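Here is the structure we will look at, set down as structure tokens.
The values are calculated or read from the model by the stated rules, or taken from the named source; none is laboratory data. The structure presented is a predicted model; accordingly, all values stated were derived computationally and were not measured. Neighbour counts are summed over all protein chains in view; Cβ atoms, including those assigned to glycine, are modelled from backbone coordinates with ideal geometry. These area figures cover heavy atoms from the full protein model, side chains too; ligands, DNA and RNA do not enter into them. Shrake-Rupley method; radii C 1.70, N 1.55, O 1.52, S 1.80 Å.
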Amino acid sequence: MARNPLDRVCNSELPGLTRVARLFPNRDSAVAEIARLQAECRLPVGSIHIISDIHGEDAKLRHVLHNGSGTLRPLIEELFASDLNPEELRRLVSLFFYPDEMLALEKERLGPDEELDAFFELALSRLVRLVRVISKNRSIARIHEVADPAVRDFLLELACGPSSQTQPEFQKTLIRGVVAHGRGARLAHQIINLIRGLAVEELIIGGDCWDRGPRGDKVVDHLMHQPRLSFIWGNHDTAWVGASMGHGACIAQVCRISLRYGRIEQLEEGYGIPMWPLIKLAQSTYADDPAKSFRPKLATQRDPLLVARMQKAAAIIQFKLEAAAIRRHPEWKLESRRLLHHLSADKKTITIDGQEYPLSDGAFPTINPDRPYELSDQEATCLAALTTSFTGSVKLKDHVRFLHRNGSLWVVRRNHLVFHGCIPCDEAGEFLPIEVNGQLVRGRTLFEALELLLARVFDHPVLEDLDWMWYLWCGPLSPLFGKDKIATFEIDFVANLATHKETKNPYFTLIHETWFCNKVLEEFGVDPEKGLIVNGHVPVKIELGENPVKKSGKAITIDGAFSEAYGDYGYTLLIEPAGTFLALHHHFEQVEKAVRDGVDIIPQVSVIREETEIPMRGDTEEVFAMTATCTLLERLVMAYRANQIAESFSVKP
């Protein structure tokens with residue numbers, strides 16, 4: 001392209017370009033970066049893995065992350081099949097999946113330090129061989145991004161160093177130098193993390209980190225160590241956000257579900273939130289209550305009867321406080337879900353939607369018939385103590401803020417539209433409106449409005465905005481929920497099963513229709529001919545043979561009941577260069593068996609879509625960011641050429 005020597009940038013651009021010039025201080029550096037980005041567009045795409053609805057199943061998640069959702073074992077086996085016997089191969093795989101635990105076993109097995117050093121040299125050389133294979137189609141910039149900053153140059157030498165006849169000796173010298181200083185174990189970690197980061201270019205979590213599984217806190221801990229993570233908000237996540245910021249209904253709800261599944265450790269050990277306020281309330285107010293409907297679903301080390309009474313106490317607080325939130329938001333049109341004032345005087349029946357039902361549990365010691373939604377003194381004291389603990393938990397605050405930094409309500413990756421639940425719509429497929437921030441919004445504009453609301457909550461939380469964290473958890477028009485109601489009260493207190501029914505939004509039926517899927521894809525700017533809708537939220541009934549791919553072929557549900565409490569399966573959607581695949585996981589025993597016996601989750605992989613040609617990065621949505629950066633740098637080069645910004649050629653000392 002011919003350049004006009006008189007080309008200049010506008011003066012209004014200069015302040016912004018001057019900042020860019022700090023990174024690229026002369027034409028050479030700017031032009032080199034332009035060329036690098038253009039060349040990167042011609043590299044094959046990497047792998048994107050999507051996992052949804054983890055629900056606190058931390059040990060299983062850790063294993064799935066370590067084995068690349070089943071993609072890394074075949075690579076290791078193929079690379080070393082002719083060199084290692086089955087036992088050596090098993091130990092190498094175990095080292096890769098669980099380096100800490102495997103190295104501890106090796107130290108027990110081996111004798112003198114010389115033997116341990118020899119083990120490290122051999123194991124590290126094998127890991128280097130693996131990293132060199134996996135980095136072949138990766139740019140230096142990508143390796144640089146993933147590598148541990150403390151040893152980045154060293155790892156680049158191992159991954160991309162000499163490949164001539166001098167390479168083996170060069171590599172051995174590098175490894176021996178580290179092992180001789182007792183840092184072999186640390187280097188193994190750094191190489192393994194580099195391999196994992198290169199093998200999976202991006203991990204997308206489709207929502208719901210907490211609840212039902214044992215340790216939602218450890219789930220987020222694992223996510224915080226992933227080199228490139230995108231997070232999609234789920235309804236359980238927003239409830240924890242509300243709880244972390246002191247919203248009473250969310251606090252009560254989070255406590256109730258933790259108690260329902262006997263998952264107290266994530267609160268007390270994980271977040272330093274003691275349950276003594278609920279213990280005290282249960283012992284003083286519900287001391288003689290059998291609380292039959294509230295017995296924990298899973299075994300717990302605590303007295304099950306006490307846990308049941310604690311759960312009931314939390315539930316009543318929740319019902320009272322969510323009624324107040326409903327009253328503050330008439331635009332939600334949820335007045336029918338304020339139920340406590342419909343209790344009969346003798347507390348033996350309740351009227352729901354105009355029909356009277358007998359109660360299976362009529363013990364409501366803290367409900368005043370004249371003021372049913374007012375907290376008793378004991379409840380108020382309990383909630384105040386819990387609020388102090390939730391808002392004072394530094395770790396919980398760090399976790400929700402980490403998710404916010406990496407979070408959104410939807411993403412698009414290579415024509416895959418990913419969001420947690422649904423787009424609220426009617427039976428005709430028309431997107432339903434709801435008032436957010438004083439405006440009626442629907443479809444994509446609803447998602448955008450809720451993202452702005454979430455940002456405002458993290459910037460400056462106020463009660464009316466925090467109420468939305470509860471609504472996103474269970475509101476009928478919440479795109480994270482998608483049912484007409486959440487029947488918690490009815491399930492716990494009304495025996496009539498008809499009252500327990502929660503009707504799904506028509507969205508979940510309509511995604512079987514091609515025309516509706518095309519409408520959803522177009523709403524979010526995705527080519528309907530190539531697009532695929534990816535949702536979590538609703539568990540696929542795997543044991544009944546349900547197909548996660550909808551009849552339209554344009555939508556897939558990847559909530560595979562990851563949590564043991566739900567079914568103990570789980571999916572990873574693999575967006576690979578060769579196409580889109582679905583990995584079905586199964587029960588994970590325990591880390592000890594994985595290390596000692598080589599037990600692995602080897603998924604069943606099915607083909608969803610195959611590519612006829614390997615796509616390049618320039619063929620994906622990544623090209624927009626690369627093109628924008630190149631355009632900015634071209635303007636900087638123009639400013640340098642016109643001497644509007646002075647070039648710098650200072651040499652680093």
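Summary of computed values
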{"item": "Dipole magnitude (debye, nearest 20) for the chain, charges at Cβ of Lys, Arg, Asp, Glu", "result": "820"}
{"item": "Helical mean residue ellipticity (222 nm; -39500 (n - 2.57) per DSSP H run of 4+; nearest 500) of the chain", "result": "-14500 deg cm²/dmol"}
{"item": "Partner aspartates and glutamates for residue 136 [C-alpha distance under 12 Å; skip if fewer than 8 residues away on the same chain]", "result": "none"}
{"item": "With every protein chain in place, the chain: carbon and sulfur % of accessible area (1.4 Å)", "result": "52"}
{"item": "Those lysines that a straight Cα-Cα span of less than 26 Å connects to residue 530, excepting residues fewer than 8 apart in one chain", "result": "519, 550, 551, 554"}
{"item": "Region 1-118: relative contact order in percent, alpha carbon pairs under 8 Å with at least 6 residues between", "result": "12"}
{"item": "The chain, relative contact order in percent, only Cα pairs under 8 angstrom and at least six apart counted", "result": "20"}
{"item": "Rounded accessible area per residue of the chain, 1.4 Å, Å²", "result": "44"}
{"item": "Under 15 Å from the residue 642 label point (7 Å along Cα→beta-carbon), backbone N, region 12-44", "result": "12-18"}
{"item": "Neighbour cut-off at most 15 other Cβ (10 Å), DSSP loop, trypsin sites (Lys or Arg not before Pro), region 414-513", "result": "501"}
{"item": "Gained length - residue 498 relative to residue 104, 0.36 nm times residue gap less alpha-carbon distance", "result": "136.3 nm"}
{"item": "Value of Rg to Rh for the chain (Rh from inverse mean 1/r over Cα pairs, i.e. Kirkwood)", "result": "1.01"}
{"item": "Eligible lysines near residue 501 by straight Cα distance, threshold 23 Å, same-chain separation 8 or greater", "result": "292, 297, 312, 320, 333, 347, 348, 483, 485, 541"}
{"item": "Extension gain from residue 287 to residue 224, taking 0.36 nm per residue of separation minus the Cα-Cα distance", "result": "18.5 nm"}
{"item": "Modelled FRET efficiency - R0 60 Å, residue 456 with residue 80, Cβ distances, 0.05 increments", "result": "0.70"}
{"item": "Cβ-based charge dipole, the chain, positive-most Cα from 389, 191, 270", "result": "191"}
{"item": "Separation of the residue 538 and residue 650 label points, Cα + 7 Å toward Cβ, nm", "result": "6.1"}
{"item": "Among 205, 175, 216 - extreme Cα towards positive end, dipole of region 131-216, charges at beta-carbon", "result": "175"}
{"item": "Student exercise, region 24-97 dipole from Lys, Arg, Asp, Glu Cβ charges, in Debye to nearest 20", "result": "160"}
{"item": "Simple label model, 7 Å out from Cα along Cβ direction - residue 189 to residue 32, nm", "result": "3.3"}
{"item": "Estimated inter-spin distance, residue 402 and residue 515, nm [label 7 Å along Cα→Cβ]", "result": "4.7"}
